[in-house]
């Protein structure tokens, strides 16, 4: 089905539902697809198929309403049963294969102080539940009416994929040069149906998202009604994501809603100009428009993903939006970090003073940044801030127990793809992501070198300049989700902080951003050296071994010498060994931090950022730590 179903009707009874514009539109769409499918199966010449096609082609809403209004029998009853069987197929198609949005306007979020995003969120969730219950009860009424409802009742969720509260786009402070965008409503809070798994046209990224020398946004072909617009809070920036309503594009909306928080919408929102705007699935844009453009005149970053099957992957939403965040951060003098980052709360036993990890708070699953903050003692420290509240998790390296824990909250993509199946799941609280924490340990994650049992998996004994060579090289063993083949290695300066600043050959890309980034890095390194010398920070390398089993540089003898039974075992066991070493390192640092702070505090925070690109073991190591410490951080 190429179209999506937008539901704007308010129905409280089965009769109202069956008379609604939304049902009439969906019935028309399903009838067309049903009849086309019959013809494709080559059944159009059979008498049974002809009878079925005649019934469906001539079916009207009045025919369906008559079923509820009368008690039929004989031939009339058989015809009604045939109609209900067809409608039951329509019902299951709606649940499994369609994409539906229930939309309600709530301008009062910005016009009245009595309503807020949270209060509206409760209302729209109730709307979604009421519609689902009404659809299910209507189905049961139809089945019972024609004698097909015997036996046990089976509960189904028939809620829309997304139930959205929208405000007029004119409340957004869009620059006048882009005024046409204001005619698209803004989704300001939503209820999403989780446990849904979408298939996309591709399941990995193959094309880079680089800076463009031209503005890719052609507003002459922009149709406001054809887009969903979502104001997202990405770090400290307001980025409005525009998603085309066509199938193959709109499926990205629930994933984004599970990944980034909404920007806060209140009466002050009307004065907030967006920092960036992003378009996914722009019809009519050439392939050369894939990338971002800095409109310096309007102080606005523009991201563009044209509508082509080879771009139909959730990674072309996540990475470009994070690229806009990082470009903004670089231009403002902050330092983006492609990393996972957790804040560990370490307590101390009352009698023995032995440290123990009492809480783990996720600050970043994949991307964050360091800001420079001068304290009251005039010492500049690094504050870490995250970006996402969700994780775009690759299931390849997760244990079955971890996969079970994701069920019910996930938005899935390409579950049947075999490799690189992904799920977006909420993992962090918005206030944790947006609050800065002093950065204590900064580690580069090596995913391919083998380590023997007993060897430390966290090496912070090296000098700062030695550690920096690892960050500059950014080497990892690839999983095959990018252009590099599985088992080969690729390098990316600082693990590719989006946009890529250096290619594999060392060629500088995005020269203006690279210069700004390296200037900021000089300040960063200077601060790290001072903090390391004062004992306030540690820097080094962590070894996850996640891809060591497929790394082309490891022989079978190497695998056996490190006491692995086979290559497949390494993917699970490697992150476990790192998790155990990391727990030791965190506790050791906590003891030193407690002594440095004085007055024997009952607990201290230890914030650890692990730098690494995709499939280096960031999320997998966190999962293993959860299992070891028996904590639920998911």
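Within 10 Å, count the other beta carbons around each residue, average over each peptide in 616-628, 421-433, and list them highest first. Walk me through the intermediate numbers first.
On the way: 616-628: 23.9, 421-433: 20.2.
Going from most to least packed, we get 616-628, 421-433.
For the chain, the relative contact order comes to 12 percent (Cα pairs under 8 Å, sequence separation of at least 6).
Multiplying the sequence separation of residue 417 and residue 379 by 0.36 nm and subtracting their Cα-Cα distance, what value in nm do you get?
Numbers: separation 38, 0.36 × 38 = 13.68 nm, distance 5.07 nm.
So the chain would gain 8.6 nm between residue 417 and residue 379.
The Cα trace of the stretch 1-159 gives Rg and Dmax of 18.2, 64 Å, the first to one decimal, the second as a whole number. Debye-formula intensities of the stretch 192-241, expressed as log10 I(q)/I(0) at q = 0.17 Å⁻¹, are -1.11 (one equal scatterer per alpha-carbon, no solvent). Compactness of the stretch 363-475 was expressed as the Cα radius of gyration divided by 2.2 N^0.38 Å, which yields 1.35.
Report the calculated FRET efficiency for residue 299 and residue 472 (r = Cβ-Cβ distance, R0 = 41 Å), to the nearest 0.05. Present the calculation step by step, with values, prior to reporting the outcome.
Values: r = 31 Å, r/R0 = 0.76.
Taking R0 as 41 Å, the efficiency between residue 299 and residue 472 is 0.85.
Please say if the stretch 168-332 is rounded, prolate or oblate, where rounded means a/c under 1.5 for a ≥ b ≥ c the square roots of the C-alpha gyration tensor eigenvalues, and otherwise the choice is prolate for a/b larger than b/c and oblate otherwise? Mind showing how you got there, number by number?
Working: a/c = 1.37, a/b = 1.13, b/c = 1.22.
Cα axes put the stretch 168-332 in the rounded bin.
Relative to the longest principal axis of the Cα atoms of the chain, the long axis of helix 47-57 lies at roughly 80 degrees.
Tell me, how many Å apart are the Cα centres for the stretch 164-179 and for the stretch 557-610? Taking the Cα centre of each part, the stretch 164-179 and the stretch 557-610 sit 47 Å apart. Computed over the chain, the P(r) curve from all C-alpha pair distances, binned at 20 Å from the origin, holds 18, 46, 28, 8, 0 percent per bin. The angle between the Cα long axis of helix 464-473 and the longest principal axis of the Cα atoms of the chain comes to about 30 degrees, rounded to the nearest 10. Out of all DSSP beta bridges with both ends in the chain, state the antiparallel percent to the nearest 5. Here the share of antiparallel DSSP bridges comes out near 65 percent.
Per residue Cα convex hull volume for the stretch 410-540, in cubic angstrom?
181
Principal-axis analysis of the Cα atoms of the chain puts helix 117-145 at an angle of about 40° to the longest axis. A Förster radius of 56 Å combined with the Cβ-Cβ distance from residue 332 to residue 3 puts the calculated FRET efficiency at roughly 0.85.
Working from label points 7 Å from Cα in the Cα-to-Cβ sense, the residue 16 to residue 591 distance is 6.8 nm. Between the C-alpha center of the stretch 484-525 and that of the stretch 326-372 there is a gap of 22 Å. Binning all Cα-Cα separations of the stretch 502-544 at 5 Å, short to long from zero, yields these whole-percent fractions: 6, 18, 16, 16, 18, 16, 9, 1. Multiplying the residue separation of residue 107 and residue 148 by 0.36 nm and subtracting their alpha-carbon distance yields 10.3 nm. Among 595-607, 310-322, sorting by the average number of other beta carbon atoms lying within 10 angstrom of each residue, highest first, gives 310-322, 595-607. Among 503-511, 382-390, 202-210, the peptide with the highest mean count of other Cβ atoms within 10 Å heads the list, and the full ranking is 382-390, 202-210, 503-511. Approximating the spin labels as points 7 Å out from Cα along Cα→Cβ, the residue 58-to-residue 157 distance works out to 4.1 nm. Dividing the helix sum by the residues of the chain, where each DSSP H run of 4 or more adds -39500 (n - 2.57), gives a mean residue ellipticity at 222 nm of -11000 deg cm²/dmol.
No value in this document is a laboratory result; all are computed from the given coordinates. Not measured: the values here are computed from a predicted model. Every residue, glycine as well, gets a Cβ built from its backbone with ideal geometry; the counts of neighbours run over all protein chains shown.
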